1. For an R0 of 35 angstrom, estimate the FRET efficiency from the Cβ-Cβ distance between residue 100 and residue 174 and round to the nearest 0.05.
2. Taking only the Cα atoms of the chain, how large is their convex hull per residue, in Å³?
3. Report the relative contact order of the chain, percent, no decimals, based on alpha-carbon pairs under 8 angstrom and at least 6 residues apart.
4. In nanometres, what is the gap between the two model label sites at residue 317 and residue 131, each 7 Å from Cα along Cα-to-Cβ?
5. With 27 Å as the cut-off, how large is the P(r) tail for segment 79-216, expressed as percent of Cα-Cα pairs?
6. When a/c reaches 1.5 or more, the comparison of a/b and b/c decides; with that in mind, is segment 129-284 rounded, prolate or oblate per its Cα gyration tensor?
7. Apply the a/c threshold of 1.5 to the C-alpha gyration tensor of segment 103-154 and tell me whether it is rounded, prolate or oblate.
8. Give me the distance between the Cα centres of segment 127-161 and segment 9-48, rounded to whole Å.
Amino acid sequence: MRYIGNKTKLLDFIHSEVQSVCGDISGMQFCDLFAGSGSVSKYFKQYVQQVSSNDLEQYSYVLCSNYIGNLSTIDCSDFIRYLNNIPSVEGKFYKNFSPAGNRNFFTEHNAKRIDAIRQEIQRLLNENQINLDQYYFLLASLIETVDSYANTTGVYGAFLKQFNGRSAKNLVLVPAQPAPGNRGIAYRNDANKLIETISGDILYLDPPYNTRQYGANYHILNYLVDYDNFQFKEDSKTGLGDYNKSDYSSKRSVLESFDQLIRDSNFKYIFVSYNNEGILTMEQMENIMSKYGQYQLKTKEHKRYKSNTNNPQQAKVLEYLHVLIK
């Protein structure tokens, strides 16, 4: 999945640093509190005793309910084949997010396929033809597939004028296999509220680091999950309606929220991914974390999510891994 701040390319770096600090992690409980696409949770599921993941966005909860909450042995191949062959329908995505609704997020053909598959997944659950594990498997598969056919540059703040490449091809539902490892737990809650009720060994934090709001950038995927109930502004170019606004994307609230989060964390080892373009400064991050234990800093240079410049220096970003032994 194309995702702002995705840590897939940094997983080996994060894993190495976690092991260097914590030692043998095979018997530990790992919590990914801002899970997003679930890449970090999926990776660590195979290395620890239990993974829990959390995110306030509905699409993230569905992805993690499948990748983390399901065992890797789940088999829905017959349902995937069935869903790829059901008749198309003109539903909400066709009427609102295709050229039929003057929004070019998906071709008319693909929007009708999305409508048909989404409605059928819900019917299968409502009529007890699939269980919740299978439901999250199929819905996560649809989220991943829809994102790969979207006529965007990676987020849903705008769509491209012309369909080309993958977005112009006919949509085919592809299975999203759960990550290997033990069954984990997926939460959907405000991070600062959830932290008061959970505990474990390793806490990994990858909060929003700038003013871009994930609820606005991925609202279409939330609409896909909340298909029967979603509401949006008819006069909005992208269909964006109300969405979650994170305190971590606000300069006015991020300092207090982060301090509270670290203070209330009942975990021995805390790792925070951040970068040199974040709202919180290096000094602020160090000052907060140092109040609660032994602090250290690790760094890694990597390519930014998207670069609109040919300047090789601006195409790189320095990723910080702030470490606290509380």
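1. E(calc), rounded to 0.05, equals 0.90.
2. On the way: hull volume 44.3 nm³, N = 326.
So the per-residue Cα hull volume is 136 Å³.
3. Once normalised by length, the contact order is 19 percent.
4. Placing both labels 7 Å beyond Cα along the Cβ direction yields 4.0 nm.
5. Working: 3417 of 9453 pairs.
Within segment 79-216, distances greater than 27 Å cover 36 percent of Cα pairs.
6. Details: a/c = 2.01, a/b = 1.36, b/c = 1.48.
It comes out oblate by the Cα gyration axes.
7. oblate
8. Each part's Cα centre sits 25 Å from the other's.
Values in this text are rule-based calculations from the coordinates and carry no lab data. Small disclaimer: the values here were computed from a predicted structure and weren't measured. Note that we place each Cβ from the backbone using ideal geometry, even for glycine, and neighbour counts take in every protein chain shown.
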